[in-house]
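First the structure, which I've put down as structure tokens, then a few questions once you've had a look.
The values are calculated or read from the model by the stated rules, or taken from the named source; none is laboratory data. As the structure is a prediction and not an experimental result, all values here were calculated from the model. When we count neighbours, we look across all protein chains shown, and the Cβ atoms used for this are built from the backbone with ideal geometry, even at glycine.
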Amino acid sequence: MSDLFFESEGQKFLRPSAANTLQFYAKQAQVSDPDLLSALALTEQGKTGYELGFGVGSKRWFGMKAQFMGAANQVKLTEDRFQQEMGRPPVDSSGKYLPEFLQYFSWGGKALGLKESSSRGYAPLGVDNDPSGLNANHFPNLERIYRSMTKRK
């Protein structure tokens with residue numbers, strides 16, 4: 001398990017220092033709700049250096065700082081694409097992400113029925129680098145973790 005997490009009573013949590021760092025990069029990238037980055041880290045739980053599963057296999061994105069910056073920038077880019085392609089903001093009136101946005105983020109625009117979309121998704125379905133189909137779990141897990149985090153506040 002990466003240094004980002006700790007376990008308590010069988011549940012994994014982000015260490016406060018990691019959560020604070022994610023919040024910093026989320027604010028820098030102007031992400032609507034920084035909790036999504038924490039939920040993404042808990043969803044991915046990647047090996048050391050690839051904690052957020054961002055750019056796996058690419059030395060360019062290796063390391064915690066690069067992972068945090070890359071993920072925050074990807075969330076913001078996906079927010080902008082969602083707004084443009086769907087014609088509505090990715091968040092509700094309370095500033096929390098819509099389920100449709102989380103699905104769009106995970107699986108891309110085609111998952112929402114868009115024939116043409118600039119978003120492939122963070123964990124697109126049916127891609128060659130996912131031969132066992134694990135990406136099918138990304139959206140349900142991300143949404144469950146994100147909703148549980150936002151209920152605690």
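Of everything in the range 92-118, what is without any contact (Cβ under 8 Å) to a residue 60 or more places away in the chain and surrounded by fewer than 17 Cβ atoms within 10 Å (Cβ to Cβ)? Give them in sequence order.
Result: Asp92, Ser93, Ser94, Leu98, Pro99, Glu100, Leu112, Gly113, Leu114, Lys115, Glu116, Ser118.
Sticking with this one: If you go through the range 97-105 one residue at a time, do you hit one that is of a type in the set (A, V, I, L, M) and at pLDDT 90 or above?
Checking the range 97-105: at least one residue is of a type in the set (A, V, I, L, M) and at pLDDT 90 or above.
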